[in-house]
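Enquirer: Handing you a structure now.
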Amino acid sequence: MRGWAVRTDFKDLVVEQAIVHVVPKHAKNEEPPPLQLSQTFCRLDEDVRAELQGKLREVFARLGREVVEDPELKSPLPDAVRAFLGGGQDLVEVSGELAHALRDSQNGSSSAGLLLVAAARLDGQRALLMVKLEHETGMQTNEIVADGLRTFAMQYLDDLLLTQKSKVYKVALFSEEGLVESGLQGWAADPQQSGKEVARFFLEKFLGCRHQNDPRELTRRFHDTVMTWVNSRFTDSVVRMDYVMAAMVELQSSTPELNPTEFREAHLQEVHQPDFTAFLAENDVPIHTFEKNTELISNRLEKMRVDLSNGAFLVAPLEAVQDGTVLVEDLGDGRTVVTITSKVTQTSSGAAAGRRPKPANATPELPSQAEMIPGLESVMVIPAQAAQASAGNELPTAQT
């Protein structure tokens, strides 16, 4: 689908009609209280519409996460959304169903609030938008009757959307673009949570969805893909060290997000950038910004390992490489000099085995993740010496 995996702004989100329902607090182990449902659309003037669109575009751009339907969660929402987007239900009908679903999904700690449901357009396609708001304590819901149908007064919506009397707490958006065979796809955001997390009750019980890309898995995939790219593309040891160090520093930084495009432009030589971008795409790593979470790779980010063709290997803290006490120099003929400036504190036998030297006529191999010592998994691989390899077994000429 066009732009699905790379959407970073929602400037084309347009609200056409909106309806608001009051969703009371549902106390645990008690009968659900009745909903206060509107019977027709709110009368949005252009100021309110512009304010609503502006708030929601900003929230989705800053915090939006792709979500995908999970049938195991058995929420009624995906079917209701499909019915609306397919023209089988109107906004009043579907919004009433969603209000019931929201009330039933909330636990005792969820606050009372408002559910705004809007018919919208995204990139010109039909879309359904839902927003959970909490209004200021003591702010009275101002209902009116228009053409015999219950709705909210314009002044109430002005106060609700154009002042600081309410907060956008949770939002979700689904468009025709997300009507795919594998399940409904859309976006969700939760300004109450840290980073781009979404409250579990809202994501799973109400939306019936899960995150399409878990930040922990995306971060691990970025790490592993960069390591594979470095070791499969370059024979120059300095280039290898520079790129692996750059990746480790980026992953260790305190920034909550990772932008592979900015990483590429800041740390890679221009001649290597197109191949890096293509390699990320081949390995399902997005090139756009995503939330960083190093939980799955935290033990790989403190030390770097270098394997040498003679069977020796070096494991060093990243700081030792950064401060120059471990220095790697490429001799330009396939050989590398590794210099360590420090004090020897212990020597012993029986160290964890490196790989034995290969015969001179053997094809050099790059190590797999499985060959690494647990806990020392950030790897730089130094290929077999060019002088020892026969012409038919030489690695490609080093790229610098």
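The values are calculated or read from the model by the stated rules, or taken from the named source; none is laboratory data. All values reported here derive from a predicted model rather than from experimental measurement. All Cβ positions, glycine included, derive from the backbone under ideal geometry; neighbour counts span all protein chains shown. Keep in mind that these areas ignore ligands, DNA and RNA; they rest on the heavy atoms of the full protein, side chains included. Shrake-Rupley method; radii C 1.70, N 1.55, O 1.52, S 1.80 Å.
Enquirer: If you take every residue apart from ASP79 with its C-beta less than 10 Å away from the C-beta of ASP79, what net charge results, scoring Lys and Arg +1 and Asp and Glu -1? All intermediate terms of the calculation are to be shown ahead of the outcome.
Expert: Working: positive: ARG82; negative: GLU69, GLU97.
Taking every other residue near ASP79 into account, the sum is -1.
Enquirer: Same structure, new question: How many angstrom separate the Cα center of the stretch 183-222 from the Cα center of the stretch 45-72?
Expert: Between the Cα centre of the stretch 183-222 and that of the stretch 45-72, the gap is 14 Å.
Enquirer: With a ≥ b ≥ c taken as the square roots of the eigenvalues of the C-alpha gyration tensor of the stretch 268-335, please select rounded if a/c is under 1.5 and otherwise prolate if a/b is larger than b/c or oblate if it is not? Write out the running numbers ahead of the final one.
Expert: Details: a/c = 2.15, a/b = 1.37, b/c = 1.57.
The shape class here is oblate.
Enquirer: Full extension from GLN252 to ASP284: what is 0.36 nm times the residue separation minus their Cα-Cα distance, to one decimal in nm? Numbers along the way, then the final one.
Expert: Working: separation 32, 0.36 × 32 = 11.52 nm, distance 2.18 nm.
Result for the pair: 9.3 nm of gain on full extension.
Enquirer: Here's another thing I want to ask about it. Per residue, how many Å² of accessible area does the stretch 1-78 show with a 1.4 Å probe?
Expert: Numbers: 4230 Å² over 78 residues.
Accessible area per residue: 54 Å².
Enquirer: Using only the Cα atoms of the stretch 242-303, what are the Rg and Dmax in Å?
Expert: When restricted to Cα atoms, the stretch 242-303 yields Rg and Dmax of 11.7, 32 Å.
Enquirer: Which value, in Å², gives the accessible area per residue of the stretch 177-293 when a 1.4 Å probe is used on the protein heavy atoms? Walk me through the numbers before you get to the answer.
Expert: Working: 4830 Å² over 117 residues.
Each residue of the stretch 177-293 exposes 41 Å² on average to a 1.4 Å probe.
Enquirer: Report in % the part of the accessible area of the stretch 75-130 that belongs to carbon and sulfur, leaving out ligands and nucleic acids; probe 1.4 Å.
Expert: Working: 800 of 1760 Å².
In the stretch 75-130, the share of accessible area belonging to carbon and sulfur is 46 percent.
Enquirer: Kindly sort TYR243, TYR169 by accessible area of their heavy atoms, largest first, with the probe set to 1.4 Å. Intermediate results must be reported in sequence, preceding the final value.
Expert: Numbers: TYR243 10, TYR169 40 Å².
Per-residue accessible area, sorted high to low, gives TYR169, TYR243.
Enquirer: Leaving out ligands, DNA and RNA, and with a 1.4 Å probe, what % of the accessible surface on the stretch 192-260 is carbon or sulfur? Don't jump to the answer; show the numbers that get you there.
Expert: Working: 1140 of 2570 Å².
Carbon and sulfur together cover 44 percent of it.
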